[in-house]
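Engineer: If you scroll down you'll find the structure; I have some questions about it.
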Amino acid sequence: MRTTTVRRRLFAATALLPVLALAACGSDPKTAAPSGAGKAAVDAAAQDLVSSVPKSDAAAALLPEDVRKAGTVKFGSSLGYPPSAFYADQATKKPAGVDIDLTDAVARVLGLTVQREEAAFETILPALGSGKYDVGTGNFGVTTARLKTIDFVTYVDDGQGFAVRKDDTAIQPVTELVQLCGLTIGTGAGTTFETTLNSKKNVCSDAGKKPYEVKAFSDNGAVLTSLQQGRVDIVMSTINGLRYQASQEASGTRFLGEFHRLDVGFAFKKGSPLTPAFQAAVNQLIKDGTYDRILKKWGVSDSAIKESLISPPEHA
């Protein structure tokens, strides 16, 4: 482990509790800090860009007849990481974020009502196959491995990045995993980050260096707490999430940079008949400008896509 005193680390962690409470809220909405992610996040969440979105009969016609008649669609949603999906305000206990706004806007285009159930990130994709959910959201990156069992309808371009404590100036932007040798890396359980790190551990032994250690957590708040307390040296997570976290003055983290871009999409079981309608709905939102307004609202305009695709190959 690297050289910052335990006392210093614990002081930093204590100072960050309001910020970390936000990131930890994926497992329980009551854990969101009273001030959420700060006034800016609460104000952003209050901006209603969705309720005026009109239904598109052409897009809705692509839905299976039974879904059109039922008028509902079941979502399994991972919450707890701004700006993707989180509880911005303790008072309302309503989810907010890019995933939430885009989901609700797509539903309005299709004339559907969203039945949203919060679920742990790593449980959502398997639950699609069992039929528990029709759609999954959780900033799911499109990967070759996932495409074997999951179909995606893309809606942003995000990906993998790294962050460290703000006072840690020794670790520089990561362009190759061999730079991580000898470090302890914190990341989310069941994520592309965990998969990437575990599949490439040989890079250190091949280079004659000490292996890196991967610590995976089911809760995003636990990842960040471990970073602040010095139990991990570096965090690997979403580009947008880490940028957002570092932009919060009290976060005490520093975004190192992008590592690998990935398309992000609504997730469906393989062969789901819902994908054409969802693709048409996203493209309608892109066409009418709602899409750009939602991304701008959450500060992720750099992740905009020009066109939604169904199950494109993983980014090279």
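Engineer: So what's the back-of-envelope 222 nm ellipticity for the chain, counting only DSSP H runs of four-plus at -39500 (n - 2.57) apiece and dividing by all residues, rounded to 500?
Structural biologist: The helix contribution divided over the chain gives -9500 deg cm²/dmol.
Engineer: On a C-alpha basis, how far is the centre of the range 225-269 from the centre of the range 38-109 in Å? Whole number, if you could?
Structural biologist: When both Cα centres are located, 23 Å separates them.
Engineer: Let me ask another. Compute a Gaussian network model of the chain, connecting alpha carbons closer than 10 Å, and tell me which residue from 281, 44, 163 fluctuates the most.
Structural biologist: 44
Engineer: For residue 58, project a label point 7 Å along Cα to C-beta. Then give me every residue of the range 270-286 with its amide nitrogen under 19 Å of that point.
Structural biologist: Flagged as within label range: 275-286.
Engineer: Given the peptides 209-219, 47-57, arrange them by the average over their residues of other C-beta atoms within 10 Å, most packed first.
Structural biologist: Descending packing order for the listed peptides: 209-219, 47-57.
Engineer: Right, something else. Of 39/296; 39/74; 132/270; 270/306; 148/297; 132/200, which ones are farther than 26 Å apart at the Cα?
Structural biologist: Those over the limit are 39/74; 148/297; 132/200.
Engineer: Still on this structure: Just 196, 103, 290 to compare: in a GNM of the chain, with alpha carbon springs under 10 Å, which one fluctuates most?
Structural biologist: Looking only at 196, 103, 290, the biggest GNM fluctuation is shown by 196.
Engineer: Just order 247-259, 181-193 by mean Cβ neighbour count inside 10 Å, highest at the front, would you?
Structural biologist: Going by the mean number of other Cβ atoms within 10 Å, highest first, we get 181-193, 247-259.
Engineer: How far is it, in nm, from the label point at residue 69 to the one at residue 181 when both lie 7 Å from their Cα along the line to the Cβ?
Structural biologist: The answer from the label model is 6.3 nm.
No value in this document is a laboratory result; all are computed from the given coordinates. Please read all numbers here as calculations on a predicted model, not as lab measurements. A quick note on method: Cβ atoms are made from the backbone with ideal geometry, for glycine too, and the neighbour counts reach across all protein chains shown.
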